[in-house]
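The values are calculated or read from the model by the stated rules, or taken from the named source; none is laboratory data. Not measured: the values here are computed from a predicted model. Every residue, glycine as well, gets a Cβ built from its backbone with ideal geometry; the counts of neighbours run over all protein chains shown.
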Amino acid sequence: MANPLVLITGCSSGIGLAIAVMLARDEMRRYYVIGTMRDLKRKDKLVEAVGDAYGKTLSLLTLDVCSDESVKQCVDSIKDRHIDILINNAGVGLVGPVEGLGMDDMMKVFQTNFFGAVCMIKEVMPDMKRRRSGHIIVISSAMGLQGVAFNDVYSASKFAIEGFCESLAVQLLKFNITMSMIEPGPVHTEFEMKMFADVSKKEYVGTDPETLHHFRTCYLPSAANIFQGLGQTPEDIAKVRNHVTDLARCPTFFNIVVVFVACRLPNVPKWLFPNSPFNNKTLNKS
Ligand SMILES: NC(=O)c1ccc[n+]([C@@H]2O[C@H](COP(=O)([O-])OP(=O)(O)OC[C@H]3O[C@@H](n4cnc5c(N)ncnc54)[C@H](OP(=O)(O)O)[C@@H]3O)[C@@H](O)[C@H]2O)c1
């Protein structure tokens with residue numbers, strides 16, 4: 001039997017890149033990886049990291065999860081459209097007080113994190129069903145299990161994909177297709193840099209001074225503190241994914257523990273994690 005073909009979205013940086021490298025460099029050469037990114041001009045970091053596996057166990061394709069056409073073209077270009085493992089990793093973040101964010105920014109988050117993953121699954125799943133085999137993995141977030149202040153829209157997009165996958169997973173069992181969710185806590189990637197860069201540019205016009213004060217003087221330092229104190233590496237997440245693929249019959253995987261521990265860090269306001277078992281304070285009380 002040929003090695004399972006793994007397609008990963010969003011491989012230009014961070015978690016997607018780390019997973020692609022780990023699978024393509026697997027000592028037992030168990031996988032053939034198609035690393036995808038929306039702009040192949042950003043391929044250098046991946047090509048360098050994967051070294052001599054490039055062209056042997058890894059090849060690259062263009063794929064923008066926000067474009068139906070790009071998704072279809074990419075999948076059509078794969079021999080027999082045969083994908084054994086789909087890893088939906090591409091994602092974008094958004095933080096800030098809701099009233100100060102543009103609807104366009106919010107829609108982009110849903111377009112990428114929710115509809116992007118749905119579009120991929122919709123394109124790949126019918127072939128998996130026909131073959132009665134496949135594994136769909138989604139890089140969700142701990143924020144897909146618990147809302148976090150000032151991450152309202154990002155968190156909602158991850159809750160949405162959690163609900164979608166949870167519903168679909170049951171139907172797919174009949175077809176011998178496994179669905180797994182990975183819910184990382186904070187990870188040091190470009191995601192974090194993009195978030196802080198975006199915040200420094202935005203003025204959050206329309207936000208009342210009290211909320212803006214909470215955001216700038218409580219949330220942002222706390223978020224930096226959490227990333228600094230608890231940030232995992234993309235390689236840590238890639239190792240979790242390895243575990244998920246090895247245990248392909250395990251339908252869900254929760255990695256939320258890291259976020260719960262965050263609530264115990266000094267200087268982290270407890271209202272950031274309203275439902276944490278370690279916290280029973282509310283925003284008003286803190
Ligand atoms: N970092 C964290 O703390 C953290 C925590 C929990 C969950 N996650 C999730 O982990 C996943 C990966 O994030 P990361 O931390 O590795 O961040 P990252 O380094 O910013 O990587 C995100 C990747 O998604 C790609 N992407 C964005 N929009 C896309 C689109 N329309 N089509 C295809 N690719 C697109 C980016 O490509 P470009 O280079 O073209 O922008 C990039 O390759 C995301 O789903 C994120 O929500 C991250």
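Conditions (1) within 16 Å of Asn151 (Cβ to Cβ); (2) within 11 Å of the ligand (Cβ to nearest atom); (3) among the aromatic types (Phe, Trp, Tyr), marked per residue:
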site: Phe196; (1), (2), (3): yes, no, yes
site: Thr211; (1), (2), (3): yes, no, no
site: Tyr219; (1), (2), (3): yes, no, yes
site: Glu235; (1), (2), (3): no, no, no
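Comparison of Ala24, Ala53, Ala20, Ala49 shows that the only residue that is out of contact with any strand residue (DSSP E or B) (no Cβ under 9 Å at 6 or more places or on another chain), modelled with pLDDT of 95 or more and more than 14 Å from Gly116 (Cβ to Cβ) is Ala49. Against the criterion of being in a helix (DSSP H, G or I) and more than 15 Å from the chain's Cα centre (by Cα), Ser157 does not qualify. Given the criterion more than 24 Å from Met120 (Cα to Cα), in a helix (DSSP H, G or I), modelled with pLDDT of 95 or more and out of contact with any Cys (no Cβ under 9 Å at 6 or more places or on another chain), identify the matching residue among Glu99, Glu69. After applying the criteria, what remains is Glu99.
Given Ile19, Ile78, Ile8, Ile15, which one is in contact (Cβ under 8 Å) with a residue 40 or more places away in the chain and in contact with a Gly (Cβ under 8 Å, 6 or more places away or on another chain)? Lay out the reasoning, then the answer.
Numbers: Ile19 fails: in contact with a Gly (Cβ under 8 Å, 6 or more places away or on another chain); Ile78 fails: in contact with a Gly (Cβ under 8 Å, 6 or more places away or on another chain); Ile15 fails: in contact with a Gly (Cβ under 8 Å, 6 or more places away or on another chain).
Criteria check complete, one pass: Ile8.
Residues in the stretch 61-105 that are surrounded by fewer than 17 Cβ atoms within 10 Å (Cβ to Cβ), among the β-branched types (Val, Ile, Thr) and touching a helix residue (DSSP H, G or I) at 6+ places or on another chain (Cβ under 7 Å): Thr62, Val98.
Taking the criterion of being outside any loop (DSSP other than H, G, I, E, B) and touching a Ser or Thr at 6+ places or on another chain (Cβ under 8 Å), the residues of the stretch 74-85 that qualify are Cys74, Ile85.
If a residue must be crowded, with 18+ Cβ neighbours inside 10 Å and not hydroxyl-bearing (Ser, Thr, Tyr), how many such residues does the stretch 163-185 contain?
In the first step, residues of the stretch 163-185 are kept if they are crowded, with 18+ Cβ neighbours inside 10 Å; the result is 165, 172, 177-185.
Checking which are not hydroxyl-bearing (Ser, Thr, Tyr) leaves us with 165, 172, 177, 179, 181-185.
Qualifying residue count for the region: 9.
Taken together, the residues in the stretch 1-30 that are surrounded by fewer than 20 Cβ atoms within 10 Å (Cβ to Cβ) and farther than 17 Å from Lys239 by Cβ amount to 7. Taken over the stretch 149-185, the criterion of being within 16 Å of the ligand (Cβ to nearest atom), out of contact with any strand residue (DSSP E or B) (no Cβ under 7 Å at 6 or more places or on another chain) and not small (Gly, Ala, Ser) is satisfied by Phe150, Asn151, Asp152, Val153, Tyr154, Lys158, Phe159, Phe164, Glu183.
Residues in the stretch 25-46 that are within 16 Å of the ligand (Cβ to nearest atom) and either in a loop (DSSP other than H, G, I, E, B) or among the small types (Gly, Ala, Ser) (or both): how many? Break it down stepwise before answering.
First, pick out the residues of the stretch 25-46 that are within 16 Å of the ligand (Cβ to nearest atom): 33-46.
Then drop every residue that is not either in a loop (DSSP other than H, G, I, E, B) or among the small types (Gly, Ala, Ser) (or both), which leaves 35, 38-39, 43.
Residues meeting the conditions: 4.
Return yes or no: is Val50 of a type in the set (A, V, I, L, M, F, W, C), assigned to a helix (DSSP H, G or I) and either within 15 Å of Gly35 (Cβ to Cβ) or more than 16 Å from the ligand (Cβ to nearest atom) (or both)? Criteria met by Val50.
For the stretch 118-142, a tally of residues being within 16 Å of the ligand (Cβ to nearest atom), free of Cβ contacts under 8 Å to residues at least 60 places away in the same chain and not in a loop (DSSP other than H, G, I, E, B) returns 7.
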